[in-house]
1. Count, please, the residues in the range 73-99 that happen to be out of contact with any Leu (no Cβ under 6 Å at 6 or more places or on another chain) and more than 14 Å from D9 (Cα to Cα).
2. Checking D72 against (1) at pLDDT below 90; (2) surrounded by 14 or more Cβ atoms within 10 Å (Cβ to Cβ), only one condition comes out false. Which one?
3. Could you pull out the residue among V15, V83 that is surrounded by 14 or more Cβ atoms within 10 Å (Cβ to Cβ) and on the phi < 0 side of the Ramachandran plot?
4. Would you call D59 charged (D, E, K, R), within 17 Å of V15 (Cβ to Cβ) and modelled with pLDDT of 90 or more?
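The values are calculated or read from the model by the stated rules, or taken from the named source; none is laboratory data. All of these numbers come straight from a predicted model, not from anything done at the bench. Cβ: placed from backbone, ideal geometry, glycine included. Neighbour counts: every protein chain shown.
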Amino acid sequence: MNALLSEFDAAETQVLGLSVDSKFCHKAWAKGFEGIDFPLLADFHPKGDVAKAYGLWLDEAGISDRATVLIDKDGKVVWSESVGPGGQRQPSELLGKAKELG
């Protein structure tokens, strides 16, 4: 994702990471990737409130689904995709979708 940040910027798309982990977990995770150049947001307390608002909370597992949500400048969700808790996303495909919707 870091390698494509300038292209996301050119597509007027702000990249954010969000999980139900704490900011301390985020810091350790980012360090493992030798740094993350986009903001990581903690949906930690109350745990999962943002995930619940977007319908991404998996109650039985006590975690959020792994998903990508594109929100326009007016705050409207224009596209979303779930890849499941263990799923992977392709940053280049997400960039293409951001350009398509932008």
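1. Total satisfying the criteria: 16.
2. (2)
3. Exactly one residue qualifies, and that residue is V15.
4. Spelling it out, it is not the case that D59 is charged (D, E, K, R), within 17 Å of V15 (Cβ to Cβ) and modelled with pLDDT of 90 or more.
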